[in-house]
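Please read the structure below before turning to the comments.
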Amino acid sequence: MVGTAVAGAFSATSAHFLGTGTYGETWCVRGIDGQTDDYAVKLLKPEFFNPARVQREIQGLQRFDHRGIVRLIEVRTVAIDGEPRTALVCEYIQGGSVQDALTQGTLPSKKDAKKFARGLLEAVAELHREETIHRDIKPANIMLRDGDWAQPVLIDFGLARSLSDKTFTRYPAKVGSLLWMSPEQLSAERARKASDIWACGIVLQQVLTGDHPFVNMADLSGLDEDELYDLFTVPPKALPDGAPGSLAVLVGRFLTAEPLYARGTAQRAIADLKGK
């Protein structure tokens, strides 16, 4: 019934549920407005998002044309069972997410891990070049196009923000994303480019080891912002000896709590991976 309502809201032939997150649920919708393609549609939770405000923040992302950034086709306001919902209509990417791979215990080879790191950092560098920060980089928000570790794609720009915007929407904190938030975000400071770099460090360590660098993913009970902040301001777990040296250096740098500038930039990290 819900799938039928979603399909009807887009004048589509069908819709099936893909998953839910802190800020909304995602659907694969086929045949929007008579088209034959599948689209990934994220319906943002109305209690968290003002439709007009979100549209101003996100529509700027439509200018991106980069293989590592999901293509945002449009932002709509649609009615689902009579309730207005802000919907992000994006390209649908086959292949599963990094989180799917981690859950299945499928880690990349050393060679593929380096390709993944470079692809992820190139996408982040593109965002930062345009003065945009993602604010929610985590394994569930990185797809592997056609299941290829060398083709990571950043998705889910529900929290993205232009650094030129003097005001920004404040979003609720949930443990699902707190685990990838930087110390400065956990202490309620405004997110910066360095915050995205921190999140990349956590993701890279997970990809290299299958493990979070600071917490036990099997036992998250009782963790809150203050406890995570304390954990994140001590050195992370050591990477195994067999980890690629270039990635080990990057992870160590990215996971520097203070000063923020010590994390460097995505562009610098790409140059390091190239050996320049």
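List every residue whose amide H lies under 5 Å from the amide H of I73, counting only residues 5 or more places away in sequence or on a different chain, with H placed 1.01 Å from N in the peptide plane.
Distant-sequence amide H within range of I73: V89, C90, E91.
Residues with amide H under 5 Å of G24's amide H, sequence separation 5 or more or different chain, H placed in the peptide plane at 1.01 Å from N; which?
Amide H neighbours of G24, under 5 Å, 5+ apart: K45.
Can you give me the relative contact order of region 173-266 as a percent, contacts being Cα pairs under 8 Å and 6 or more apart? Write down the numbers at each step before the final one.
On the way: 98 pairs, mean separation 33.0, N = 94.
Answer for region 173-266 is 35 percent.
Exceeding 32 Å between C-alpha atoms, which entries from my cross-link table qualify? They are K45/K111; K42/K115; K110/K193; K45/K110; K45/K274; K42/K237. Write down the numbers at each step before the final one.
Numbers: K45/K111 39 Å; K42/K115 28 Å; K110/K193 27 Å; K45/K110 39 Å; K45/K274 41 Å; K42/K237 34 Å.
K45/K111; K45/K110; K45/K274; K42/K237, as the Cα separations exceed 32 Å there.
Sort 190-202, 29-41, 223-235 for me by packing, meaning the mean count of neighbouring Cβ atoms within 10 Å per residue, highest on top. If you can, show how the numbers build up before the last one.
Numbers: 190-202: 22.6, 29-41: 17.1, 223-235: 14.2.
Result, highest mean first: 190-202, 29-41, 223-235.
Go through region 120-129 residue by residue and turn each phi into a ³J(HN,Hα) via Karplus (6.51, -1.76, 1.60, θ = phi - 60°); whole Hz please, and just put x for glycine and proline.
Karplus-based 3J(HN,Hα) across region 120-129 equals 5, 5, 5, 5, 5, 4, 5, 4, 5, 4 Hz.
If one takes the longest principal axis of the Cα atoms in the chain, at what angle in degrees, from 0 to 90 and to the nearest 10, does the Cα axis of helix 245-254 lie?
Once rounded, one gets 70 degrees.
A short reminder: the numbers here are calculations on the coordinates, not readings from a lab. Keep in mind that this is a model prediction, so the values were computed, not measured. As a convention, Cβ positions derive from the backbone with ideal geometry for all residues, glycine included, and neighbour counts pool all protein chains shown.
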